[in-house]
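Participant: Submitted below is the structure of interest, expressed as structure tokens.
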Amino acid sequence: MKTELLYGKNGISLDLPDNAFLIEPTNLSKLEDEEEAIRQALRNPIGAAPLKESVKSTDTVSIVISDITRPTPNHILVPLLIEELNHVPLENFVIINGTGTHRDQTREEFVQMLGEWVVDNIRIINNQCHDKDKLVNLGRSKFGCDVYLNKEYVESDFRIVTGFIEPHFFAGFSGGPKGIMPGIAGIETILTFHNARMIGDPLSTWGNMEYNPVQDMTREINGLCKPDFMLNVTLNRDKEITNVFAGELYEAHDIGCAFAKEHAMFRCEERFDVVITSNSGYPLDQNLYQAVKGMSAAHKIVKEGGSIIVASECSDGLPDHGNYAKIFEMAESPQELLDMINNPDFEMFDQWQVQKQAVIQVWADVYVYSKLTDKQVKNTMLKPANNIEQIIEDLKKKYGDTMTIAVLPLGPLTIPYVEEKVSIK
């Protein structure tokens with residue numbers, strides 16, 4: 001069976017055994033006229049007044065976008081927002097790049113994300129999660145931390161959050177309130193949002209919004225300084241817009257999540273010995289840190305003691321910034337990592353991604369096909385895969401001739417699951 005995985009910007013082709021089970025989301029066509037669909041959504045929003053009527057010409061307007069690791073079509077959304085608000089002077093706008101704990105974007109990257117006209121005419125800032133002078137304390141969260149959000153966002157007269165909606169490996173779904181929390185939050189707030197208890201809760205998982213503490217916290221934080229308007233989209237495998245959700249934050253996001261769940265979740269009858277996955281290609285597969293999402297999607301349907309093979313280009317390395325690579329140097333095994341991270345005295349940003357990865361590694365072997373060196377892969381306790389077809393042949397010796405294989409060509413754009421009951425605490 002020949003199939004193609006999303007990988008980097010060009011994809012890779014594989015020749016797999018004929019019994020491999022292909023798992024893909026419902027193939028949705030792009031909107032016939034995506035720009036007009038967005039305009040109509042802005043003029044006929046869900047649970048809110050039309051955008052143009054909601055903003056005064058004297059208002060300062062902040063537009064929060066997702067950073068370069070996300071395929072949100074900012075180059076389409078942002079110009080249309082500015083066009084719709086053409087009664088507002090350009091100098092009244094600020095675009096806030098929701099980096100969370102990720103690195104800043106360069107001017108060249110902003111041109112790639114937003115287009116040259118936007119970069120030349122609108123002020124753009126990166127969120128600075130470590131700089132309290134650029135944050136505002138909004139009080140205390142019921143989850144046990146002070147709430148810090150970007151100062152320019154808080155102080156603007158009208159606040160807009162953009163993004164795209166897909167299943168998320170611990171928040172249930174991306175988009176909506178996640179653009180604000182953790183996108184433009186301070187490090188203290190982000191560390192609580194991603195602490196071991198929150199990330200380790202069995203209800204913090206793909207596609208689940210009920211009693212999910214991560215989603216509950218992001219909505220609580222948004223409520224302290226709520227966006228006045230949300231513009232989110234859903235995308236297909238080619239990163240084309242398939243639907244638009246605009247209006248009141250929670251209502252519009254809930255409708256978008258229901259749409260995404262209907263088309264992206266895939267029920268499987270049983271788990272598989274081997275699961276091959278991508279990390280949805282560029283831009284999500286720029287580094288190994290992000291590739292944990294692809295591993296996590298495969299984890300949903302791999303047998304205990306099984307094997308996951310993830311194809312993620314990792315053109316940006318592990319990456320070099322942040323603590324992801326450093327944390328692996330602090331223990332000898334995935335279980336030791338989990339024991340360390342679950343210690344209440346341990347706190348280091350990026351621990352959440354290592355925690356998610358270690359949980360998967362305790363359950364199954366994980367092979368990585370990428371541009372990383374074998375040494376880089378091994379330093380994160382993973383197994384290098386220089387030839388996926390050869391790894392499949394080798395695994396037959398472990399699992400036998402009846403070895404079962406599942407393939408997720410689109411990675412975490414498809415979320416497979418096996419019906420398993422999870423108790424609510």
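The values are calculated or read from the model by the stated rules, or taken from the named source; none is laboratory data. As the structure is a computational prediction, the values presented were derived from the model and not from experiment. Glycine gets a Cβ as well: all are built from the backbone with ideal geometry, and neighbour counts include every protein chain shown. Heavy atoms of the whole protein, side chains included, go into the accessibility calculation; ligands, DNA and RNA do not. Shrake-Rupley method; radii C 1.70, N 1.55, O 1.52, S 1.80 Å.
Participant: Please pick out the residue among Asp254, Asp345, Asp285 that is crowded, with 24+ Cβ neighbours inside 10 Å and among the charged types (D, E, K, R).
Facilitator: Asp285
Participant: Could you tell me whether Gly294 is under 19 Å from Leu372 (Cα atoms), touching a strand residue (DSSP E or B) at 6+ places or on another chain (Cβ under 9 Å) and open to solvent by less than 10 Å² (accessible area, probe 1.4 Å)?
Facilitator: Spelling it out, Gly294 is indeed under 19 Å from Leu372 (Cα atoms), touching a strand residue (DSSP E or B) at 6+ places or on another chain (Cβ under 9 Å) and open to solvent by less than 10 Å² (accessible area, probe 1.4 Å).
Participant: Still on this structure, please answer the following. Can you find, within the stretch 40-53, the residue that is most open to solvent (accessible area, probe 1.4 Å) among those that are in contact with a strand residue (DSSP E or B) (Cβ under 7 Å, 6 or more places away or on another chain) and closer than 26 Å to Val119 by Cβ?
Facilitator: Ala41
Quick grid of which residues meet (1) within 14 Å of the chain's Cα centre (by Cα); (2) crowded, with 20+ Cβ neighbours inside 10 Å; (3) over 28 Å from Gln335 (Cα atoms):
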residue: Glu166; (1), (2), (3): yes, yes, yes
residue: Gly175; (1), (2), (3): yes, yes, yes
residue: Met181; (1), (2), (3): yes, yes, yes
residue: Asn195; (1), (2), (3): no, yes, no
residue: Tyr211; (1), (2), (3): no, no, no
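Participant: Now for a separate question. Would you mind listing the helices (runs of 4 or more DSSP H) fully within the stretch 195-272 where at least 3 residues are more than 20 Å from Glu34 (Cβ to Cβ) and of a type outside the set (A, V, I, L, M)?
Facilitator: Working: elements: 196-200, 213-224, 249-264.
By residue number, 213-224, 249-264.
Participant: Hey, can you tell me all the residues within the stretch 216-239 that are open to solvent by 60 Å² or more (accessible area, probe 1.4 Å) and of a type in the set (Asp, Glu)?
Facilitator: Asp216, Asp228, Asp238 - these are the residues of the stretch 216-239 that are open to solvent by 60 Å² or more (accessible area, probe 1.4 Å) and of a type in the set (Asp, Glu).
Participant: While we're on this one: Out of the residues in the stretch 319-335 that are part of a loop (DSSP other than H, G, I, E, B) and of a type in the set (S, T, N, Q), state the one that is farthest from Leu382 (Cα to Cα). Write out each step before concluding.
Facilitator: The first filter runs over the stretch 319-335 and keeps only residues part of a loop (DSSP other than H, G, I, E, B), leaving 319-323, 329-333.
Subset that is of a type in the set (S, T, N, Q): 323, 333.
Working: Asn323: 17, Ser333: 10 Å.
Checking each candidate, the answer is Asn323.
Participant: Still on this structure, please answer the following. Looking at the stretch 1-14, which of the residues that are in contact with an Asp or Glu (Cβ under 6 Å, 6 or more places away or on another chain) and open to solvent by 20 Å² or more (accessible area, probe 1.4 Å) is nearest to Glu270 (Cα to Cα)?
Facilitator: Checking each candidate, the answer is Met1.
Participant: Answer yes if at least one residue in the stretch 39-53 is touching a Lys or Arg at 6+ places or on another chain (Cβ under 9 Å) and β-branched (Val, Ile, Thr), and no otherwise.
Facilitator: The answer is no, given that none of the residues of the stretch 39-53 is touching a Lys or Arg at 6+ places or on another chain (Cβ under 9 Å) and β-branched (Val, Ile, Thr).
Participant: Can you give me the number of residues within the stretch 163-218 that are within 23 Å of Lys134 (Cα to Cα) and not polar (S, T, N, Q)?
Facilitator: 19
Participant: Return the residues of the stretch 348-364 that are assigned to a helix (DSSP H, G or I), surrounded by 14 or more Cβ atoms within 10 Å (Cβ to Cβ) and without any contact (Cβ under 8 Å) to a residue 60 or more places away in the chain; say none if nothing qualifies. Even if it seems obvious, please write down each step before you answer.
Facilitator: Here is the first cut: in the stretch 348-364, the ones assigned to a helix (DSSP H, G or I) are 351-363.
Filter once more, keeping what is surrounded by 14 or more Cβ atoms within 10 Å (Cβ to Cβ): 351-361, 363.
Of everything in the stretch 348-364, those that are assigned to a helix (DSSP H, G or I), surrounded by 14 or more Cβ atoms within 10 Å (Cβ to Cβ) and without any contact (Cβ under 8 Å) to a residue 60 or more places away in the chain turn out to be Val354, Ala358, Gln361.
Participant: Could you say whether any residue in the stretch 398-408 is surrounded by 20 or more Cβ atoms within 10 Å (Cβ to Cβ), β-branched (Val, Ile, Thr) and farther than 24 Å from Leu22 by Cα?
Facilitator: No, every residue in the stretch 398-408 fails to be surrounded by 20 or more Cβ atoms within 10 Å (Cβ to Cβ), β-branched (Val, Ile, Thr) and farther than 24 Å from Leu22 by Cα.
Participant: Of all residues in the stretch 61-105, count the ones that are in a loop (DSSP other than H, G, I, E, B) and surrounded by 17 or more Cβ atoms within 10 Å (Cβ to Cβ).
Facilitator: Count: 14.
So that you can scan it fast, the table gives a plain yes or no per residue for (1) in contact (Cβ under 8 Å) with a residue 24 or more places away in the chain; (2) closer than 30 Å to His194 by Cβ; (3) touching a helix residue (DSSP H, G or I) at 6+ places or on another chain (Cβ under 6 Å):
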site: Asn44; (1), (2), (3): no, no, no
site: Val64; (1), (2), (3): yes, yes, yes
site: Val78; (1), (2), (3): yes, yes, yes
site: Arg103; (1), (2), (3): yes, yes, no
site: Asp120; (1), (2), (3): no, no, no
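Participant: So, one more: Taking the residues in the stretch 1-26 that are acidic (Asp, Glu) and under 24 Å from the mean Cα position of the chain (by Cα) as candidates, determine which candidate is modelled with the highest pLDDT.
Facilitator: Selected residue: Glu4.
Participant: Does the stretch 27-38 include one or more residues that are open to solvent by 40 Å² or more (accessible area, probe 1.4 Å), at pLDDT 95 or above and under 30 Å from Ala385 (Cβ atoms)?
Facilitator: no
Participant: OK, next. Can you find even one residue in the stretch 152-159 that is open to solvent by less than 60 Å² (accessible area, probe 1.4 Å), under 29 Å from Ala49 (Cα atoms) and in a loop (DSSP other than H, G, I, E, B)?
Facilitator: Within the stretch 152-159, one or more residues are open to solvent by less than 60 Å² (accessible area, probe 1.4 Å), under 29 Å from Ala49 (Cα atoms) and in a loop (DSSP other than H, G, I, E, B).
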